[in-house]
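The values are calculated or read from the model by the stated rules, or taken from the named source; none is laboratory data. Remember, predicted model here, so these are calculated numbers, not experimental data. Positions of Cβ are backbone-derived with ideal geometry, glycine not excepted, and every protein chain shown enters the neighbour counts.
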Amino acid sequence: MLAILLKTLPFFALIGLGYWAGRTRFFTAEATAYLTKFVFYFALSAMLFHFSANLSLAEVWDSRLVAAYLWGTAFVYGIATIVGFLRNLDIASTAMEAQCAVIGNTGFLGVPMLTLLLGPQAIGPVVLALAVDLIVFSSLIVILITGSRDGQMSLRILRTISIGLVKNPMIVAISLGFVWSGLRIPIPAPMNDFLVILGGAATPGALFAIGASLASKSAEKLQVAGWLTFCKLVLHPTFVAMAALWFFKVDPYKAGVIIAAASLPVAGNVYMLAQHYNVGPARVSAAILVSTVLSIGTVSAVIAWVTTF
């Protein structure tokens, strides 16, 4: 456990450095927004494309893994939804809390950290988990919030979802990478070097951006934030582990990777959704802050456990 904690500390130290820079205003909110945009659209996209272009979709695709991650995530989503309705929340607020309960920082934190700690072969399972988050649950929240406000499903909702998926650089990068791999086109040396250099900025840039963005988050509504943090850091990896190891009998290594991915703290893009739809931004902000701080210990514990498989 201590050895894993020492390996994860540099990642969280970079987040802490970003937090200090944002808190002291050395890095302004505008600077953080531009750094996040650089990482999201350029560095992380280059990393994901480079990974995907060197993988075969046929080799990466694992129906049992996808089913296990989807089942475990959906179960926790359902728990958070039931609790939200028992607290008399409306559909939009309940959907936002459920999103906090299951959507982790897989893109910015999971991809760079898990591939370094669990090995480069972890990228396949991480990409599949990320795809489920982006395609299934990011679409579901748009359907629930927009549908509840319009009172019905409409073509406008489907158009919004389609545009959102097409415009997401992570989905585009992964898809183009697998197309490139499927066509068996060798990556020219200059292009490969370009992707490696640009993608190399993803890890420090993403972690620093996470920390800097946390500096603007508030710790209000701690009771709700505590519940959502418990869902994300404890319930989510637990139910994904049950699904992967007991029900779907996923390969132990791959199971360990998606369990570790499920243990990551609440993703920053959930806050963007909360702001965009004006649904509970304070509680989402607090959940991101609390879950990220506590994840220093919980993520290390989960990774230490899965490496025993």
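Considering LYS232, LYS254, the condition of being assigned to a helix (DSSP H, G or I), touching a Cys at 6+ places or on another chain (Cβ under 9 Å) and at pLDDT 95 or above is satisfied by LYS232 alone.
The single residue among LYS249, LYS254, LYS232, LYS217 that is in contact (Cβ under 8 Å) with a residue 60 or more places away in the chain and on the phi > 0 side of the Ramachandran plot turns out to be LYS249.
Would you be able to say whether some residue in segment 119-128 is in a helix (DSSP H, G or I), under 19 Å from SER295 (Cα atoms), modelled with pLDDT of 90 or more and of a type outside the set (Lys, Arg)? Yes, because at least one residue in segment 119-128 is in a helix (DSSP H, G or I), under 19 Å from SER295 (Cα atoms), modelled with pLDDT of 90 or more and of a type outside the set (Lys, Arg). Inspect all residues belonging to segment 101-110 and state whether any of them is in a helix (DSSP H, G or I), modelled with pLDDT of 95 or more and surrounded by fewer than 16 Cβ atoms within 10 Å (Cβ to Cβ). Scanning segment 101-110 turns up no residue that is in a helix (DSSP H, G or I), modelled with pLDDT of 95 or more and surrounded by fewer than 16 Cβ atoms within 10 Å (Cβ to Cβ). Applying a threshold of 9 Å to beta carbon distances and a minimum spacing of six or more residues, or different chains, the list of pairs starting in segment 72-84 at a residue that is in a helix (DSSP H, G or I) and ending at one that is of a type in the set (Lys, Arg) reads VAL76/LYS232.
Given the criteria within 24 Å of ALA201 (Cβ to Cβ), in a helix (DSSP H, G or I) and modelled with pLDDT of 90 or more, does ALA98 qualify? So ALA98 does not fit the description; no.
Residues are listed down the side, and each one gets a yes or a no for (1) in contact with a His (Cβ under 7 Å, 6 or more places away or on another chain); (2) at pLDDT 70 or above; (3) under 17 Å from GLY104 (Cβ atoms):
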| position | (1), (2), (3) |
| --- | --- |
| ASP133 | no, yes, yes |
| SER138 | no, yes, yes |
| ILE145 | no, yes, no |
| ASP150 | no, no, no |
| ARG156 | no, no, no |
| ILE163 | no, yes, no |
| VAL166 | no, yes, no |
| MET170 | no, yes, yes |
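Residues considered: LEU294, LEU264. Of these, the only one that is of a type outside the set (D, E, K, R), at pLDDT 90 or above, touching a Gly at 6+ places or on another chain (Cβ under 7 Å) and closer than 16 Å to GLY211 by Cα is LEU264. A count restricted to segment 1-23 and to residues that are over 20 Å from LEU116 (Cα atoms), surrounded by 17 or more Cβ atoms within 10 Å (Cβ to Cβ) and not aromatic (Phe, Trp, Tyr) stands at 3.
Here segment 297-309 is the region considered, the condition is being under 14 Å from PHE12 (Cα atoms), crowded, with 17+ Cβ neighbours inside 10 Å and not aliphatic (A, V, I, L, M), and the residue that is modelled with the lowest pLDDT is SER300. Segment 1-62 holds helices (runs of 4 or more DSSP H) entirely within its bounds, and those carrying 1 or more residues that are out of contact with any helix residue (DSSP H, G or I) (no Cβ under 7 Å at 6 or more places or on another chain), modelled with pLDDT under 85 and not charged (D, E, K, R) map to 2-23, 57-60.
Could you tell me how many of the residues in segment 215-230 are out of contact with any Gly (no Cβ under 7 Å at 6 or more places or on another chain) and either hydroxyl-bearing (Ser, Thr, Tyr) or buried (at least 23 other Cβ atoms within 10 Å of the Cβ) (or both)?
Applying the first criterion (out of contact with any Gly (no Cβ under 7 Å at 6 or more places or on another chain)) to segment 215-230 yields 217-230.
Filter once more, keeping what is either hydroxyl-bearing (Ser, Thr, Tyr) or buried (at least 23 other Cβ atoms within 10 Å of the Cβ) (or both): 218, 225, 228-229.
Final tally of qualifying residues: 4.
The selection criterion, being small (Gly, Ala, Ser), under 17 Å from the mean Cα position of the chain (by Cα) and modelled with pLDDT of 95 or more, does not hold for ALA244. Scanning segment 24-34 finds no residues that are under 21 Å from the mean Cα position of the chain (by Cα) and crowded, with 23+ Cβ neighbours inside 10 Å. Scanning segment 121-140 for residues that are crowded, with 22+ Cβ neighbours inside 10 Å, β-branched (Val, Ile, Thr) and either touching a Cys at 6+ places or on another chain (Cβ under 8 Å) or farther than 30 Å from PRO186 by Cα (or both) turns up nothing.
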